Amino acid sequence: MSVEVLGFDEFNTEYLDEIDKSFLNHLQKDTELICSKTEKADSLRSFFDITKGCFIHLYGEHLKLVRNDFENLYEAPFEFELLEERYSGEIPFLISERCKDIYKGLPVLPFSFVNEAMYAEISEIDLILHNRELLKLFFKYKRLFGKIYESKADEFFVSKAEELFIGCPKAFESFKKYFNDIFSRFYIRSVRDYYVIEPLLAAGFQTLVLLLFAITYKESKKEMNIEAFEGLIKNVDKLFENSAAMRERNMDRIRQKLF
């Protein structure tokens, strides 16, 4: 599998000549290992287990970079089967109440996290001007669910998304591709500042997409189709990719939630 190096469009040739090529090579190899693993997920719940393992790996890398331990960083590429053995007791994902068992089949960022971010970040005026489709879904979400409870929301939305993916397997393949695209985009960008945990934003995006996906077909007689799902992905991606300030605020929320 070949992974495109994304996120360099704002750089000039002179900057690219100065980057840490050993670190970039590590990021590219890790990206291929992670994306090839997620591509093979045969169900939504197994996909969540793999992506949760991916973020455990990223936080382990973050700790090594903080210690300036590049030797061990390069010698420990992503290996899903070794994560618990490699990082047990050191990683917040493994020792936090929510994530002490990574094999739960639920997203690393709960739907309640996305709920809080939606109410804090999504400007209805901005959506009216720029993204009417998301505005309709936002109003439908508030009408149907309002402030949702984490204990019920995760299972409800994952089960609903599973049902929809069974009805349209191509949508699940698009969902995995979307995660890989956005993950690699943020991960490769970390060559600029060694901040390898920013791809956690991809976890927030995937949870938001599933939430809006479930809402789209809640109480609806419309048949789910791949074009509508990919249109939803594009709308969510455009909303967040165009706002660096929003991404930074959500990274702060992620740090408070998980670390």
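Only a single item in (1) at pLDDT 80 or above; (2) surrounded by 14 or more Cβ atoms within 10 Å (Cβ to Cβ); (3) in contact with a Gly (Cβ under 9 Å, 6 or more places away or on another chain) is not met by S43, and it is number (2). Candidates F240, F165, F229: the one that is within 15 Å of L44 (Cα to Cα) and of a type outside the set (S, T, Y) is F165. Where helices (runs of 4 or more DSSP H) sit wholly within region 101-194, those with at least 2 residues that are of a type in the set (D, E) occupy 111-121, 124-130, 150-167, 169-189. In this structure, is L83 in a helix (DSSP H, G or I), crowded, with 18+ Cβ neighbours inside 10 Å and at pLDDT 85 or above? Against the criterion (in a helix (DSSP H, G or I), crowded, with 18+ Cβ neighbours inside 10 Å and at pLDDT 85 or above), L83 does not qualify. Restricted to region 225-259, and to residues there that are outside any helix (DSSP H, G or I) and touching a residue at least 24 places away in the same chain (Cβ under 8 Å), the residue that is nearest to I215 (Cα to Cα) is N225. Considered as a group, the residues in region 196-207 that are over 9 Å from the mean Cα position of the chain (by Cα) and touching a residue at least 60 places away in the same chain (Cβ under 8 Å) include one that is surrounded by the fewest Cβ atoms within 10 Å (Cβ to Cβ), and that residue is I197.
Cβ-Cβ distances below 9 Å connect the following pairs, each with a first residue in region 29-44 that is within 13 Å of E173 (Cα to Cα) and in contact (Cβ under 8 Å) with a residue 60 or more places away in the chain, a second residue that is assigned to a helix (DSSP H, G or I) and β-branched (V, I, T), and a separation of six or more residues or different chains: T38/I50; T38/T51; A41/I50; A41/T51; L44/V158. Look at region 139-157: where a residue is more than 16 Å from L210 (Cα to Cα) and of a type outside the set (D, E, K, R), no partner that is at pLDDT 85 or above and surrounded by 16 or more Cβ atoms within 10 Å (Cβ to Cβ) sits 6+ places away or on another chain with Cβ atoms under 6 Å. Exactly one residue out of L127, L144, L134, L109 is at pLDDT 70 or above and within 18 Å of the chain's Cα centre (by Cα): that is L109.
The values are calculated or read from the model by the stated rules, or taken from the named source; none is laboratory data. In this text, all values refer to a predicted model and were calculated from it rather than measured experimentally. Note that each Cβ is placed from the backbone with ideal geometry, even for glycine, and that neighbours are counted across all protein chains shown.
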